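Asks: The following block contains the structure, expressed as structure tokens.
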Amino acid sequence: MEKFSLDRDWKFYNGDFELPETKTHTECYMAAKAGGAIGAASPDFDKSDWETVNLPHDWAVYNEFEEKWGPSQGYKKRGKAWYSKRFRLDESDRDKQILIEFEGISSYATVYLNGSVIGRNFCGYNSFVVDATDMALYGDQVNDLVVFVDATQIEGWWYEGAGIYRHVNLYKKNKLHIAHWGVFVHPIRKTVDVWDAATDTTIENSSYENKNFRLKTYILDKEDNIVGKDEKVFSIAGGSKTEINQSILTYSPLLWDIDAPNLYTMVSELYENDSLVDSQKNIFGFRTIAINKDKGFFLNGRHVPLYGTCNHQDHAGVGVAVPDSVNEYRIKLLKEMGSNAYRCAHGNPNPEILDYCDKYGILVMDENRNFNSSADGIKQVQDMVMRDRNHPSVVMYSLFNEEPLQGTPTGRKLAERLQCEIKKLDSTRFLLGAMNTGVTTDGGACDILDMTGFNYITHTYDDFREKYPDMPMLG
């Protein structure tokens, strides 16, 4: 696997364009075909006078303050805009899988490549990946990647910004490869000194012929010493995926803790006919988490009171396009202040933030933005979990925040559905919802997750404990 940044030299237009009229039979016919997008999505559209910008980019922060846009969105107009990035791929990439990862776009996005839609995303907080393989051009031909962003739809009552405000990455993979976000390391403590670094690896064969492969997986400590390994041989049908489960015993590893955030690297190597065709590295940590309804949170068997903060992602002067160095500064400052817990308010954060929480030893509540069980809503939850499930800092997932439906049978069904989808992908974290009403209402979502979250409503603590004496509570 090769990874490249696509952050630099995008063309940007703040606004929208009317679609050209399609009057003749030929114009209608061609506009309805693959690669036939018209208007700004077309490779033939003149974008030479568009502004040149680098990512991350938040166009709203540059707009004037206007009272009519209201305090919730920072008195800033959002609206619609277009981005375009032109790039070449080597002729040698023709037989590879080409993926483009958007770490975050605010908010509704349609992604085009060479005149065809290759992906859509309807949330401003989750990372998502589009497969560019079939529409990509190679050699001297230029690829035209176009993103239309509609930021008129609000998702929160806080400053959300507008645009491609996180990093964009391009991945090149051989046809036989490890799937994107396809490695899940979930260590299990077997005895006092022995751990099983249980690892699930999804292998994808995007060719149309059967393949035999060997998966070699090993763990490196911080000095790059191998401290555990395993190999398995399998076969996979063309155009399919398969999950490989490995048990990798490790002896007396250094634990990840808030005071000593020890990290390890899981290296996954995929071989076909003894040739290395793909490799990935994933950072993880050995630690145990537990919750006692009476005594609270436990990390590695030790009671740890949670001293946390609720954190939105914007920063003064840059909006939501926060540089990595500023995000690291913020995490370090929280740690210096005595904080040991970080709630992502109210959506899936920049992935770099979780890297810093791993590094500095801060426990994370990873939060889903949209309380929705449609195909899009479920995909947003799945993307959050698959992207973040190797971070030792992440100890719980919040499914919702202050939802009016939370105390109703409808809210209960929504929570049950999202919980089910998360548990399929990761059953090692605690699930909750952040509730501000309905915590003692029969038939709602208050008692079906691993714990109940309370926002502000301290006067309900005693009533809830009396009604649900076995349910853990988190403020």
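The values are calculated or read from the model by the stated rules, or taken from the named source; none is laboratory data. It should be emphasised that the depicted structure is a prediction, and the values quoted were computed from it without experimental measurement. Counting neighbours? That spans all protein chains shown, and the Cβs are built from the backbone with ideal geometry, glycine included. When the accessible area is computed, the model is the full protein with side chains, heavy atoms only, and any ligands, DNA or RNA have been set aside. Shrake-Rupley method; radii C 1.70, N 1.55, O 1.52, S 1.80 Å.
Asks: State yes or no: is T437 closer than 19 Å to H346 by Cα, out of contact with any Leu (no Cβ under 9 Å at 6 or more places or on another chain), assigned to a loop (DSSP other than H, G, I, E, B) and touching a residue at least 24 places away in the same chain (Cβ under 8 Å)?
Replies: Values: closer than 19 Å to H346 by Cα: yes; out of contact with any Leu (no Cβ under 9 Å at 6 or more places or on another chain): yes; assigned to a loop (DSSP other than H, G, I, E, B): yes; touching a residue at least 24 places away in the same chain (Cβ under 8 Å): yes.
Against the criterion (closer than 19 Å to H346 by Cα, out of contact with any Leu (no Cβ under 9 Å at 6 or more places or on another chain), assigned to a loop (DSSP other than H, G, I, E, B) and touching a residue at least 24 places away in the same chain (Cβ under 8 Å)), T437 qualifies.
Asks: What residue, of E21, E27, is over 16 Å from V147 (Cα atoms) and surrounded by 13 or more Cβ atoms within 10 Å (Cβ to Cβ)?
Replies: On the way: E21 fails: surrounded by 13 or more Cβ atoms within 10 Å (Cβ to Cβ).
Step by step, each of E21, E27 is checked, and only E27 is over 16 Å from V147 (Cα atoms) and surrounded by 13 or more Cβ atoms within 10 Å (Cβ to Cβ).
Asks: Could you tell me which of the residues I258, I331 is open to solvent by less than 50 Å² (accessible area, probe 1.4 Å) and over 22 Å from the mean Cα position of the chain (by Cα)? Quick ask: steps written out before the conclusion?
Replies: Numbers: I331 fails: over 22 Å from the mean Cα position of the chain (by Cα).
Among I258, I331, only I258 is open to solvent by less than 50 Å² (accessible area, probe 1.4 Å) and over 22 Å from the mean Cα position of the chain (by Cα).
Asks: Write out, first by first residue and then by second, each pair whose Cβ atoms fall under 6 Å of each other, whose residues are 6+ apart or on separate chains, and whose first residue, in the range 69-90, is over 16 Å from V320 (Cβ atoms) and touching a residue at least 24 places away in the same chain (Cβ under 8 Å) while the second is basic (K, R) and open to solvent by less than 60 Å² (accessible area, probe 1.4 Å).
Replies: Cβ pairs passing all conditions: S84/K11; S84/K47.
Asks: Related question: Can you tell me which residue among S393, S427 is at pLDDT 95 or above, open to solvent by less than 10 Å² (accessible area, probe 1.4 Å), small (G, A, S) and within 22 Å of N126 (Cα to Cα)?
Replies: Details: S427 fails: open to solvent by less than 10 Å² (accessible area, probe 1.4 Å).
Result of the check over S393, S427: S393.
Asks: Any idea which residue in the range 1-18 is surrounded by the most Cβ atoms within 10 Å (Cβ to Cβ), counting only those that are in contact (Cβ under 8 Å) with a residue 40 or more places away in the chain, acidic (D, E) and assigned to a loop (DSSP other than H, G, I, E, B)?
Replies: Keep residues of the range 1-18 that are in contact (Cβ under 8 Å) with a residue 40 or more places away in the chain, which gives 1-17.
Checking which are acidic (D, E) leaves us with 2, 7, 9, 16.
Among the residues that remain, those that are also assigned to a loop (DSSP other than H, G, I, E, B) are: 7, 9, 16.
On the way: D7: 17, D9: 12, D16: 14.
Here the residue is D7.
Asks: Restricting to the range 33-79, what's the tally of residues that are in contact with a His (Cβ under 7 Å, 6 or more places away or on another chain) and either basic (K, R) or open to solvent by less than 20 Å² (accessible area, probe 1.4 Å) (or both)? Explain how you work it out, then say what you get.
Replies: Of all residues in the range 33-79, those in contact with a His (Cβ under 7 Å, 6 or more places away or on another chain) come to 55-56.
Right, trim to either basic (K, R) or open to solvent by less than 20 Å² (accessible area, probe 1.4 Å) (or both) and you get 55.
Going through the range 33-79 one residue at a time, the tally reaches 1.
Asks: If the requirement is being farther than 24 Å from K379 by Cα and either open to solvent by 30 Å² or more (accessible area, probe 1.4 Å) or modelled with pLDDT of 95 or more (or both), which of these qualifies: E466, E402, E416?
Replies: Numbers: E402 fails: farther than 24 Å from K379 by Cα; E416 fails: farther than 24 Å from K379 by Cα.
Every option except E466 fails the conditions.
Asks: How about the range 273-324: which of its residues are at pLDDT 95 or above, charged (D, E, K, R) and within 30 Å of S235 (Cα to Cα)?
Replies: Once the filter is applied, which keeps residues that are at pLDDT 95 or above, charged (D, E, K, R) and within 30 Å of S235 (Cα to Cα), the range 273-324 yields D278, K281.
Asks: Based on this model, can you work out whether T250 counts as touching a strand residue (DSSP E or B) at 6+ places or on another chain (Cβ under 9 Å), open to solvent by 30 Å² or more (accessible area, probe 1.4 Å) and polar (S, T, N, Q)?
Replies: When the stated conditions are applied, T250 does not pass them.
Asks: Consider D442 carefully, then state whether it is part of a loop (DSSP other than H, G, I, E, B), out of contact with any helix residue (DSSP H, G or I) (no Cβ under 7 Å at 6 or more places or on another chain) and closer than 30 Å to A198 by Cα. Spell out how you get there, then give the answer.
Replies: Working: part of a loop (DSSP other than H, G, I, E, B): yes; out of contact with any helix residue (DSSP H, G or I) (no Cβ under 7 Å at 6 or more places or on another chain): yes; closer than 30 Å to A198 by Cα: no.
So D442 does not fit the description; no.
Asks: Looking only at residues in the range 89-108 that are farther than 20 Å from C123 by Cβ and touching a strand residue (DSSP E or B) at 6+ places or on another chain (Cβ under 7 Å), which one is surrounded by the most Cβ atoms within 10 Å (Cβ to Cβ)? Step through it out loud before you land on a result.
Replies: Taking the range 89-108 as the starting set, the residues that turn out to be farther than 20 Å from C123 by Cβ are 89-98.
Retained after the next criterion (residues that are touching a strand residue (DSSP E or B) at 6+ places or on another chain (Cβ under 7 Å)): 89, 93, 96-98.
Details: L89: 19, D93: 17, K96: 21, Q97: 24, I98: 21.
Here the residue is Q97.
Asks: Do we find that L270 is hydrophobic (A, V, I, L, M, F, W, C), modelled with pLDDT of 95 or more and closer than 30 Å to F102 by Cβ in this structure?
Replies: Numbers: hydrophobic (A, V, I, L, M, F, W, C): yes; modelled with pLDDT of 95 or more: yes; closer than 30 Å to F102 by Cβ: yes.
When the stated conditions are applied, L270 passes them.
Asks: Failed condition for R120, given (1) at pLDDT 95 or above; (2) buried (at least 18 other Cβ atoms within 10 Å of the Cβ), with all others met?
Replies: Going through the list (1) at pLDDT 95 or above; (2) buried (at least 18 other Cβ atoms within 10 Å of the Cβ), R120 breaks only (2).
Asks: Same structure, new question: Exactly one of these conditions fails for V322: (1) in a loop (DSSP other than H, G, I, E, B); (2) aliphatic (A, V, I, L, M); (3) farther than 30 Å from K172 by Cβ. Give me its number.
Replies: (3) is the only condition that V322 fails.
Asks: Which condition does D131 not pass, out of (1) of a type in the set (D, E, K, R); (2) over 25 Å from L354 (Cβ atoms); (3) open to solvent by 10 Å² or more (accessible area, probe 1.4 Å), if it passes all the others?
Replies: Failing condition for D131: (2).
Asks: Next question, about the same structure. Look through the range 199-247, keep the residues that are part of a loop (DSSP other than H, G, I, E, B) and among the hydroxyl-bearing types (S, T, Y), and return whichever of them is surrounded by the most Cβ atoms within 10 Å (Cβ to Cβ).
Replies: Applying the first criterion (part of a loop (DSSP other than H, G, I, E, B)) to the range 199-247 yields 206-210, 221-225, 237-239, 247.
Still in the running and among the hydroxyl-bearing types (S, T, Y): 206-208, 247.
Details: S206: 19, S207: 15, Y208: 9, S247: 12.
Step by step, filter the range 199-247, then rank; the result is S206.
Asks: For residues that are part of a strand (DSSP E or B) and charged (D, E, K, R), scanning just the range 248-294, find the one that is nearest to T217 (Cα to Cα). Working first, answer last.
Replies: Within the range 248-294, the subset part of a strand (DSSP E or B) is 249-251, 255-256, 261, 264-272, 275-284, 286, 289-292.
With charged (D, E, K, R) added as a condition, the list becomes 269, 272, 278, 281.
Details: E269: 6, E272: 15, D278: 12, K281: 10 Å.
Here the residue is E269.
Asks: A follow-up question, please. Tell me, which residue of the range 160-206 that is touching a strand residue (DSSP E or B) at 6+ places or on another chain (Cβ under 7 Å) and polar (S, T, N, Q) is farthest from T265 (Cα to Cα)?
Replies: Checked the range 160-206; the qualifying residue farthest from T265 (Cα to Cα) is S206.
Asks: Condition first: surrounded by fewer than 20 Cβ atoms within 10 Å (Cβ to Cβ) and among the acidic types (D, E). Now tell me which residues in the range 143-164 satisfy that.
Replies: Once the filter is applied, which keeps residues that are surrounded by fewer than 20 Cβ atoms within 10 Å (Cβ to Cβ) and among the acidic types (D, E), the range 143-164 yields D150, E155.
Asks: Confirm whether H167 is modelled with pLDDT of 95 or more, open to solvent by 10 Å² or more (accessible area, probe 1.4 Å) and under 17 Å from the mean Cα position of the chain (by Cα). Break it down stepwise before answering.
Replies: Numbers: modelled with pLDDT of 95 or more: yes; open to solvent by 10 Å² or more (accessible area, probe 1.4 Å): yes; under 17 Å from the mean Cα position of the chain (by Cα): yes.
Against the criterion (modelled with pLDDT of 95 or more, open to solvent by 10 Å² or more (accessible area, probe 1.4 Å) and under 17 Å from the mean Cα position of the chain (by Cα)), H167 qualifies.
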